[in-house]
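See structure below.
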Amino acid sequence: MKFLHPRFLYTFKTRKFRTKNNQMNRKLKTLYLQSFLVLILSCGTWLTSNAKVVVQTLQVEYTKTPIGIDVNTPRFSWQMNASAGERNLSQAAYQLVVSNQAGQVAWDSKKVSSDQSLHIQYTGAALQPATRYNWTVTVWDQKGASSTESSWFETGLLNPDAALSAWEGATWIGGSSDDLVLYSPYLAIFDLKYKLAIETGSTRASFIYGANDSRLMNKYLNIYQLENKKNESYFKIELDIAAVDGTEEGKAKLNIFRAGYKDTDSPTVPLKTFEIQTKFIDNANKNSEHTISFKRQFGNIVLSLDDNASFMVVPAATATLTPPPGVPAEVMRRTGGGASVNLNPVGSGGNYIPFGMLCDIGFSVDAGQKATFSEVVVSNNRFPNSALFSENLTDPSVKSIYSTIASDANSGLAIADGKYVLTGGTNGVKVVANPSRNSMPMLRSAFNAGEKKIAGARLYVTSRGIYEVYLNGKKVGDDYYNPGLTQYNITHLYQTYDVTEMVKPGANAIGAMLGEGWWSGLLSFGTIWNHFGDRQSLLAKLVITYADGSKNVITTNDKDWKYYNDGPILYSSLDFGEAYDASKEAAIEGWTTASYNDSKWKKATAFDLKGTVYLGGEVDFRGNKDEMNWDKLSITGQIGNNA
């Protein structure tokens, strides 16, 4: 029999003791864990039983305390809030109470057993326009605990009538047709027409446009690194009757030149030539007055002669081609005429940097040549096709854009008998001038708010185009691009502002600046200019409510409002940006304050839709007709964010 060494016996006993100790520790840990869980569950039960329901985030039409909402049956919403650690809370019932400021209840839903907290639709008495309503919601949870919270909302005009019956005499105001803005360096889509008579013994004369594009005078602003000097870049449309001799072979020509737009351009070699059928120009009428016109879209021009697009000789190779069904021949530029050429060196269409803007316009004749030009008109190419530039040369009070040039006896240009007379002399003559006129619309009105205590003031305002409005020198609101983009011939939004703190007793002034926005000018990358209308206008109503309950209403009209067309913003466009002349700032300093001297401003013009908006329809290249009318127009208060 062997005996264990005492050291080994000690180790054996120690291990046995540790094993028992570990077992005891595990039992204690289990006991501690069970006790902790019991404590947590007990606390949870205590918290739940003492939970307090809190209702928050009260909204009407998804907006906290909205003003100017044009909804007859607005929708209410709210949220329940639980403190940290609370579980299993839910809404069991609610009650909504809506009352006016006099405390009269317009709607009491009574207690409704429902867990719904979104889109609770108003079903009370008819809401009154321009009225603030207080509303209270009480919410019960599944254990009967309740919470109550209050908020308010304010109605708008609640009358979408396009005839403005809710606007208390306010009218759409802006500038007259003489105030239409033309900034020629940015005009990419337009129609141009002029009359030309080549004097007997002379054979050619030209009209010039697109001259002196500033991007072509700085090599860092064009991809061809051109740096033209003044009058070195232009497009020239030349009527050439040299070959007209009375025979069928002797045809007049329209020569199209491009100079200074690309490094390969030549001022003497035509980019394109169109032969003219002898039934339009022959030996008998070659020195008569002819009307030349063209439509320009992103560099592409389509010409007409004497109001006929089928004047050109159709090449034999294309004369027998037939366009697809529904596609007009002139659109396909095949049979039936179609004198079309792209003059943009970068590419054709709206996906390219547009070159071939209107820019400077003018005339030229070669040495020994003489011709007269008249009735030069630049107009919008979309209905109502309003004129942007024209000169009544028979009116001695009208100063021509060429007057300074014509005053120089050696210039080769004279203005006589309502015509521009060009004489080439020994060196030929080329004259151009900038036809730009007017600046973006500015409107203002001064009014007296009296001395009574002002309880509140609301401004209801919108525009055709986009607007910024100011009261007593401060901008109203902190948003931009109002009234935002909608299908304006169906829905036009107005905004409501609380301007109580901006109106003061005594003398006040209100003013607005307008921009094209989506109403006019270029809309996206298409070839539509002035999609909805050709000018901007303002509609506004300021309602001042006094402590005694009386009101003072200031509205846009052509009696109290003035218009200014010579401000520093020469042009403003979503697509083309802004052209600004800081030298004009001094003339409008303080223009939205009551002390401003507006003696150089003129009366605003009131107008309706007729004659200023697009009406009717256009046929696209697929033969589809684009219809637009204004029969369903409604003017509605905006809710939530704008553009």
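The values are calculated or read from the model by the stated rules, or taken from the named source; none is laboratory data. All figures in this text were calculated on a predicted structure; none of them were measured in a lab. Positions of Cβ are generated from backbone atoms using ideal geometry, with glycine treated the same way; all protein chains shown enter the neighbour counts. Note: areas computed on protein heavy atoms with side chains; ligands, DNA, RNA excluded. Shrake-Rupley method; radii C 1.70, N 1.55, O 1.52, S 1.80 Å.
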Next item on the list: Could you give the size of the charge dipole of the chain about its Cα centre, using +1 on the Cβ of each K and R and -1 on the Cβ of each D and E, expressed in debye and rounded to the nearest 20?
Entry: 5100 debye
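More than 17 Å apart: what percent of Cα pairs in region 125-268 qualify?
Numbers: 8173 of 10296 pairs.
Percentage above 17 Å: 79.
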Next item on the list: Please list 300-312, 594-606, 391-403 highest first by mean number of surrounding beta-carbon atoms within 10 Å per residue.
Entry: 300-312, 594-606, 391-403
Notebook entry, point to check: Excluding Glu232 itself, what net charge comes from residues whose Cβ is under 14 Å from its Cβ, given Lys and Arg +1 and Asp and Glu -1?
Noted result: +3
Note to self: Relative contact order for the chain: what percent, with Cα pairs under 8 Å and sequence separation of 6 or more?
What the structure shows: 14 percent
Checklist line | Using alpha-carbon coordinates, inclination of helix 6-49 to the longest axis of the chain, degrees | finding: 70 degrees
Next item on the list: On a C-alpha basis, how far is the centre of region 173-191 from the centre of region 564-643 in Å? Whole number, if you could?
Entry: 10 Å
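I'd like to compare 506-516, 94-104: which one has the highest average count of other Cβ atoms within 10 Å, and what's the full order after that? Mind dumping the intermediate values first?
Values: 506-516: 21.7, 94-104: 14.5.
The densest-packed peptide leads the list: 506-516, 94-104.
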Next item on the list: Determine the alpha carbon to alpha carbon distance for each of Lys474/Lys562; Lys262/Lys625; Lys474/Lys559 and list only those over 28 Å.
Entry: Lys262/Lys625
Next item on the list: Grab the alpha carbons of region 443-530, take their convex hull, and tell me the volume per residue in Å³.
Entry: 100 Å³
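Can you give me the relative contact order of region 491-589 as a percent, contacts being Cα pairs under 8 Å and 6 or more apart? Could the numbers behind the result be given before it?
Numbers: 94 pairs, mean separation 19.2, N = 99.
Relative contact order, region 491-589: 19 percent.
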Notebook entry, point to check: When the helix-only estimate is applied to the chain (DSSP H runs of n ≥ 4, each -39,500 (n - 2.57), divided by the residue count), what is the mean residue ellipticity at 222 nm, nearest 500 deg cm²/dmol?
Noted result: -3000 deg cm²/dmol
Notebook entry, point to check: By a straight-distance test (C-alpha under 28 Å), which lysines pair with Lys111 as possible cross-link partners, with residues fewer than eight away in the same chain excluded?
Noted result: Lys52, Lys64, Lys143
Notebook entry, point to check: Where does the charge balance sit around Val269 when Lys and Arg score +1, Asp and Glu -1, over other residues with C-beta under 15 Å from its C-beta?
Noted result: +1
Item checked: Highest to lowest packing among 623-633, 237-247, scored as the average C-beta count within 10 Å -> 237-247, 623-633
Margin query: Accessible area per residue for region 386-518 in Å², computed with a 1.4 Å probe and the full protein assembly in place, what is it?
Written below: 43 Å²
Check: Rounded to a whole number, what % of the accessible area of the chain do carbon and sulfur atoms account for, probe 1.4 Å?
Finding: 51 percent
Item checked: Inter-part distance where region 347-405 and region 469-527 are each reduced to a Cα centre, Å -> 33 Å
Margin query: How large is the Rg to Rh ratio of the chain when both quantities use alpha carbon positions and Rh follows Kirkwood?
Written below: 1.23
